Amino acid sequence: TQTKSGSDSSGGSSSGPVKVGLVTKTDTNPYFVKLRESAKAAAEAKGATLIAVAGKFDGDNEGQVAAIENLVQQGVKGILITPSNSTGILGALKQAKDKGVLVIALDTETDPKDAVDATYATNNVTAGELQGKYVKASLGQTAPKVLLMDGTPGGTVDQQRHRGFLQGMGLKDGDPAILGAAPTNGDQNKAQAAMENLLQRNASINAVYTINEPAARGAVAALAAKGLSGKVAVGSIDGGCQGVADVKAGKYLATVMQFPKKMAEQGVDAVVAFGKDGTKPSGFQDTGAQLITDKPLPGLDSKDSTWGAQNCWG
Amino acid sequence: MTSPAAAPETSPATTPALQARGLVKRYGRVTAIDGADFDLYAGEVLAVVGDNGAGKSSLIKALSGALIPDEGRILLDGQETRFHSPLEARQAGIETVHQTLALAPAMDIATNLFLGRELRRSGPVGSLFRLLDQASMRRQAQEQLDALGIETVQHIGQIVETLSGGQRQAVAVARAAMFGSRMVIMDEPTAALGVKESRQVLDLIRRIRDRGMPVVLISHDMPQVFELADRIHVHRLGRRVAVVRPADATMSQVVSLMTGALRIGDEGAPPDVTDQPAPRIS
Amino acid sequence: MTSPAAAPETSPATTPALQARGLVKRYGRVTAIDGADFDLYAGEVLAVVGDNGAGKSSLIKALSGALIPDEGRILLDGQETRFHSPLEARQAGIETVHQTLALAPAMDIATNLFLGRELRRSGPVGSLFRLLDQASMRRQAQEQLDALGIETVQHIGQIVETLSGGQRQAVAVARAAMFGSRMVIMDEPTAALGVKESRQVLDLIRRIRDRGMPVVLISHDMPQVFELADRIHVHRLGRRVAVVRPADATMSQVVSLMTGALRIGDEGAPPDVTDQPAPRIS
Amino acid sequence: MATRTEARAADTDSGGALGLRNRTTDAFLHNPALGPLGALIIAVIVFSATTSTFLTVDNLSLVVQQSLVVATLALGQTLIVLTGGIDLANAAIMVLGTMLFARLVTEGTVPVLALLVGFGVCALLGAVSGGLVTWLNLPPFIVTLGMLTVILAIGRLYSQGNSWPVTDSLLGVLGQGGYLFGQLRVTHGMTLAVVMFAIAWYALTKTAWGRHVYALGNDPEAARLTGIHVGRTRFSVYLIAGVIYAFAAWQALGRIPNADPNAFQTGNLDSITAVVIGGTSLFGGRGSVIGTVVGALIVAVLRSGLTQAGIDSLYQDVATGVLVIAAVAFDQLARRRSR
Amino acid sequence: MATRTEARAADTDSGGALGLRNRTTDAFLHNPALGPLGALIIAVIVFSATTSTFLTVDNLSLVVQQSLVVATLALGQTLIVLTGGIDLANAAIMVLGTMLFARLVTEGTVPVLALLVGFGVCALLGAVSGGLVTWLNLPPFIVTLGMLTVILAIGRLYSQGNSWPVTDSLLGVLGQGGYLFGQLRVTHGMTLAVVMFAIAWYALTKTAWGRHVYALGNDPEAARLTGIHVGRTRFSVYLIAGVIYAFAAWQALGRIPNADPNAFQTGNLDSITAVVIGGTSLFGGRGSVIGTVVGALIVAVLRSGLTQAGIDSLYQDVATGVLVIAAVAFDQLARRRSR
Ligand SMILES: Nc1ncnc2c1ncn2[C@@H]1O[C@H](COP(=O)(O)OP(=O)(O)OP(=O)(O)O)[C@@H](O)[C@H]1O
Ligand SMILES: Nc1ncnc2c1ncn2[C@@H]1O[C@H](COP(=O)(O)OP(=O)(O)OP(=O)(O)O)[C@@H](O)[C@H]1O
Ligand SMILES: [Mg+2]
Ligand SMILES: [Mg+2]
């Protein structure tokens, strides 16, 4: 299905600056905002133009597909995408590839992985697992009594982190050690209300999993109101600067840092390189997940909050 | 008369086309129908008169299924009936012009005239594809309006909410006149009509009666009532207080009955003719 | 008469209280006002008559700010005026009973009567906290309804949409009667009213006139018009075709003028009295 | 008769300029979709002039494809809004439909049977909303909000966190299609949408049922008094809307061959937006399905055009917000002009 | 006069049982909030009976605190819905307010000044919506949808991906509070909410302005013809709503001392839900702010009670959906009974 507009416009654009498309899951999550800022900065540094588009909510396959199509029409050299649903957008990605556009997944893998040319991502299962291991270790011999502050029901990242955490804790879904779970949509307000309600029911807990740092803050506020500050092991994931500050302030024990800046820079570099000489990157590149805590525990590689503050993403 | 449990008192002479006994309808503190009786005989024009708020509209709403009374019985040709909706009354052949007109404001005249009784094209386009026969609906609508003398309507596709008050009322009357098959009830059908148009409606009512169909006419216009009615049902405070024949009574007597200044049985009151069949017009 | 650009023809004798020249209002294909003129003099009752759809309501809507004419001029006491909203007309002292009544259906009678002109408590609770004086509004509302002879309204707190047609109309008339300060325009104020209630409204109109305030009365009831009016403005196809005095004309002549069977100047037509001041009633 | 002719004469002799004005007035009054259409055309012209990539057959086809699912949802929504209702559950019903289709086929059901089951369930869910609105007389907003919550949860329980890729050719057939004039890609989904809108237009304007739908939204009490089958008509609208959502589900699988419980979370609002931009009143009784198509296209055109213009999504949001208001304002001004 | 008394007599002599029935009827017709209140009470009783943790002063205080922000948003929403409008942008305005408060203070502005700026901006945004609705005569749905999109985008541009923790005591003061009877925690936010609802109730029922608001929603054309300042009243409602949203922003910071551009994404729908459950008609002109409080509480009670009952979140959603419909159905049945 060779059509004119695809090859024409990408050919035409090779004269001007390289156009890079970035498709994030949403515009709302600060994490993606940082991702796009980094990408923008990287593009500027390389003399490329970045067009950033996003879905409307986590899981907006339709929005991402439309974004990909519109970017291809626009004549971008390559698309960086944090795929909303690992399989939902494969068709659009394939069409983009067929039209000679370089496609790189950021942050989240596609399934199958070779639907994109390359992937620069955090392994969310690993990130969840790090949180789980740390929380388990901090409990020592005490039998865990856990509450789970999940994200959006059914979200990919949500499930991966959840699964990872339970692996790290050595638990399974349905284990009696899990005293409750609630979706928070990663929203502090929802997390706080959910935690309050769960605590009303049963306050004898000693560990909390949180999908991200806003959820952790909500959970911690509810715990504090119940007088449980410091008595419950709370972990989180993200590595935003506020999260690192929270760890430093002792609001929760640890967070697992991601590196969106790295992903963005590598992604932009790859597209620019492809635009120059057609070299395609390939494979999965884990951009890493780093446990940040001021109470290091033996057997777990961690950095302290000072390091975290220097490397946090927003 | 206050007791809704009174024994059925069907007239032995002729069975009324429509009869009601002991109807009651309360709205919180307000009692709109308070044990009302009603008799309509075949082939007559029955005028229903009464003060504002006497409960005339409520009564005919109960008779036409628009309102479900709390108590009381309704008999159609002697058979006890319960209308659960205006649709059921209409299917029984009772056509009503409501005081509120019951028109769909954003739709045009022809559509409103045929609302709920649309004509379909003949042949498979009609039966299978349910295609409306707009042309003939428009034509018939135009004819009907012309027959009522409404000549200022500039096109039959005009939206009803843009019509003048009288034009709107004419549409509602035209509709009832077109479709009544057993009886027609008209709640103040000429209130907004001009001199000529009112005349036409009165003629129309006569023509309907002459076809043997009874007509209930609610009106505040005494000359009109006396000109047209075979019997006059006087309503007051939610119930029937008298039925008189125009020939037996004067306008001022009827007005006195309406306001309660006079009661049936009082000296100077006209004779009550409840439950006596109207003279047949043939 | 078709030319809206006709020179201003203010009568030298008396300046009309309200005057209009060459008003035009078109709605797409329909022309509701087609170069209409209008004159109302101080202290008179001016009846406006015409067929359904002649454009009477449209005319008075233009005069009361409810509708902005496409063309033409309106003069209030000889001063050219433009009302951009009904509010402006009301502030100029023109009170109107619209044919549609303009009541808020879900609100009660007293509230509707005082809508836009609520009474506040005296003292700081009123001026500072803007507390309404519900008690006195209810009392005055009750008085006003009683004055119109509407006695079946069972309590003044009844919601307007649950009122009978006549009761609703009475509320609208009562409102205009209470607040008119310069002139009162009534569009078919007695259409839904009973015999007694109509009488009271006619008395009310007389009383208003006797206070020196002019009244415009739209009505289809010829006896009523001839009984009450000082002059009769005949409207037809969107414009004024004649102004006659009841004394100079018969009902059938006026009806013929309305329907176009007769024209001013024809043999047998009554004399046109346009622009002649009405006799002062004192 | 003489009188009427006279009256008409008064109109016609008002002359050329006025005649034209009156004719445009009439057009605007009788075709509520004209205003939105004008806005759409302006948007297309502006984007064609300012970007080199917008006005290509390829892109135009894409824009239409992008609008299909929302347009189909909005078709059902239009029916319901015309009766004075609102449907917040439409996208949720559709998403459940996609999951039924996909999961059943994945688990070995014959595709045709899976389609039937999916259509049946969507229709049933529409009927439940309709039944509650019609016979318990509950506000549509609350009923469909409750349905939304329930159906989303059921969808997630049913999916157990999975999404279901679709490989079956029947389920994906609406994304397939051929080329017209060798260039313009026309998918079966587009064809289906055209057919559905045509049928809906026909049913609404050329059959008694359609008139009853309008009458119901116009003045429910008047509709009842005239003796329309009020309950039956209202119920039928929700039922039919349910079926239409099933078609939307099929369309969605044609576009994205993957059934995901989290997709189309803003589908309800998007569809209402298309309906309202298309000139249909949320108070019921006034509007048209043609307007709805135009409304759905306006949104897709804005999104595509702004991306072609290289505008960042945050600024795109600002622009979209402003332009959507502007589109409706344009419609209003056109109407006011003609009053 | 005789006539009227007579008519009344006919009513009273209809006897005891009927008298009672008529009195309940009247109560239901005149207090649209009674139905929802019944539903709330039933929900509280059921949860108190089935769980041991629901009926504790501690938990009841929590439930109220959880409902505060949505209740305040819903207060502004009620005003707008009463005029026949709808506000989809309310939560977005509020969130922008929280960010202004928090960021300005973080950057060194005096807290009082930051509050003033935040209130000013919220009022301004309300005024923009109001102006478009009032003077361009645009549908509120579209105007506030456009505003929503624009304000969300502005908020994100302004925040640049950050959220702003609040440490200042003035900004967080509404989350503070004391204990009543030594047990029941009453925050300043609760007190403020009570005061605001009381003022709104007073303004809507005891002042001319309130009557005009109702009249406007009831029948805009009648309101215009009676000579109400239609434009001014409508505009004032949106403006005041904007100010109320600023209060909601302050409430939000009291509960969660962190200004996050992504918070309260469903705040608009949640507030409309509270309004509608509270018995206010989306067609305008009928309803009350008391109903709205009850509506907001019902939602919070359901969520808390279901959690106390140990129900999983997905099943909670199912139950919430069903119960919300049931609450409104209860109201309807009570009304029908009394008809
Ligand atoms: N839904 C309702 N709720 C409360 N009261 C009502 C309701 N409907 C009617 N009423 C009252 O019932 C009484 C009878 O009303 P109805 O409309 O039957 O009077 P009517 O005789 O038709 O008067 P009119 O001549 O003015 O049309 C009135 O006092 C009216 O206020
Ligand atoms: N908004 C509108 N759009 C189109 N036509 C209109 C509109 N308003 C009025 N008309 C038309 O203008 C003409 C005059 O209407 P108007 O209401 O002024 O008549 P009227 O003299 O008051 O009649 P009636 O005695 O029946 O009340 C009618 O033919 C009517 O259909
Ligand atoms: Mg009546
Ligand atoms: Mg009129």
| Viscosity 1.306 mPa s, temperature 10 °C: Stokes-Einstein D of chain A from its Kirkwood Cα radius, in µm² per second? | 79 µm²/s
| So for the pair residue B:88, residue D:31, with labels modelled 7 Å out along Cα→Cβ, what separation do we get in nm? | 4.6 nm
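Looking at chain E, I'd like the Rg to Rh ratio, where Rg is from alpha-carbon atoms and Rh is Kirkwood's inverse mean 1/r.
We get a ratio of 1.02 for chain E.
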| query | Which value, in Å², gives the accessible area per residue of region C:18-259 when a 1.4 Å probe is used on the protein heavy atoms? | reply | 30 Å²
| Estimated buried accessible area (total), pair A and E, 1.4 Å, Å² to nearest 100 | 2200 Å²
| field | Binned Cα-Cα distances of region B:77-136, short to long, each 10 Å bin given as a whole percent | value | 18, 36, 31, 14, 1
| What share of all Cα pairs of region D:128-276, in percent, falls into each consecutive 10 Å distance bin? | 9, 29, 33, 20, 7, 0
| task | Keeping all protein chains in position, work out how much accessible area residue A:40 exposes to a 1.4 Å probe, and write it in Å² to the nearest 10. | result | 80 Å²
| note | Note, residue E:48: beta-carbon cut-off 15 Å, +1 each Lys/Arg, -1 each Asp/Glu, net 0
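Taking a quarter of the surface of the Cα convex hull of region B:50-152, what do you get in nm²?
So the mean shadow area of the Cα hull is 10.0 nm².
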| request: Using only C-alpha positions, report the orientation-averaged shadow area of the convex hull of region E:78-205, nm², one decimal. | output: 9.9 nm²
| Based on Cβ point charges of +1 for Lys and Arg and -1 for Asp and Glu, what charge dipole magnitude is obtained for the protein assembly as shown about its Cα centre, in debye rounded to the nearest 20? | 840 debye
| remark: Charge dipole of chain E built from unit charges on the beta carbon (Lys, Arg +1; Asp, Glu -1), centred at mean Cα; most positive-end Cα among E:197, E:177, E:53 is E:197
| request: Using only alpha carbon pairs under 8 Å that are at least six residues apart, calculate the relative contact order of chain D and give it in whole percent. | output: 35 percent
| field | log₁₀ of I(q)/I(0) at q = 0.03, 0.07, 0.08, 0.09 Å⁻¹ - the protein assembly as shown, Debye sum with one point per alpha carbon | value | -0.17, -0.87, -1.09, -1.29
| task | Sorted from largest down, give the three principal axis spans of the alpha carbons of chain B, whole angstrom values. | result | 63, 44, 38
| query | Give me the log10 of I(q) over I(0) for region A:272-311 at q = 0.28, 0.29, 0.32 Å⁻¹, as the Debye formula computes it from C-alpha points; what are the numbers? | reply | -0.96, -0.99, -1.06
| task | Pop out the Kirkwood hydrodynamic radius of region A:132-236 from its pairwise C-alpha distances, inverse of mean 1/r, in Å to one decimal. | result | 13.2 Å
| remark: Per-residue ellipticity at 222 nm attributable to helices in chain D (runs of n ≥ 4 DSSP H, -39500 (n - 2.57) apiece, nearest 500 deg cm²/dmol) works out to -25000 deg cm²/dmol
| message | Taking C-beta distances below 4.7 angstrom as the pairing criterion, name the unpartnered cysteines of the protein assembly as shown, in sequence order. | response | D:122, E:122
| Dividing the Cα convex hull volume of region E:57-149 by residue count, how many Å³ per residue is that? | 118 Å³
| remark: A correct Stokes-Einstein calculation for region E:267-333, using the alpha-carbon Kirkwood radius, 25 °C and 0.890 mPa s, returns a whole-number D in µm² s⁻¹ of 198 µm²/s
| query | What accessible area, summed over both chains, is buried at the B-E interface (1.4 Å probe, Å², nearest 100)? | reply | 900 Å²
| query | Relative to the first principal axis of the alpha-carbon coordinates of chain E, what is the inclination of helix E:188-206, with its axis defined by its Cα atoms, in degrees from 0 to 90 and to the nearest 10? | reply | 50 degrees
| task | Divide the volume of the convex hull of the Cα atoms of region B:137-238 by its number of residues and quote the answer in cubic angstrom per residue. | result | 115 Å³
| query | What part of the accessible area of region C:18-259, given as a whole %, is carbon or sulfur when the probe is 1.4 angstrom? | reply | 49 percent
| What is the residue of chain E with the smallest Cβ distance to the axis taking E onto D, and what is that distance in whole Å? | E:283, 3
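Heavy atoms only, 1.4 Å probe, whole protein assembly: order D:135, E:250 by accessible area, highest first. Don't skip to the end; give the middle numbers.
Numbers: D:135 145, E:250 40 Å².
Largest to smallest exposure gives the sequence D:135, E:250.
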| field | region E:197-339: translational diffusion in µm²/s, Stokes-Einstein, Kirkwood Rh over Cα pairs, 25 °C, 0.890 mPa s | value | 140 µm²/s
| Restricting region B:155-251 to trypsin sites (Lys or Arg not before Pro) in coil, as DSSP defines it, with at most 13 other Cβ within 10 Å | B:211
| task | Using the Karplus curve 6.51 cos²θ - 1.76 cosθ + 1.60 with θ = phi - 60°, work out ³J(HN,Hα) for each residue of region D:221-226 in order, rounded to whole Hz, and write x for Gly and Pro. | result | 5, 4, 4, 5, 5, 6
| task | Using a cut-off of 12 Å between beta-carbons, work out the net charge of the residues near residue C:193 (Lys and Arg +1, Asp and Glu -1, residue C:193 not included). | result | -3
| task | Jot down the radius of gyration and Dmax of region D:229-304, Cα atoms only, both in angstrom. | result | 14.2, 44
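Would you mind working out the accessible area per residue for chain A, using a 1.4 Å probe, and quoting it in Å²?
35 Å²
The values are calculated or read from the model by the stated rules, or taken from the named source; none is laboratory data. Just so it is clear, the model here is predicted, and its values are computed rather than measured. Cβ atoms come from the backbone with ideal geometry, glycine included; neighbour counts cover every protein chain shown. Surface accessibility is based on the protein's heavy atoms, side chains included, excluding ligands, DNA and RNA. Shrake-Rupley method; radii C 1.70, N 1.55, O 1.52, S 1.80 Å.
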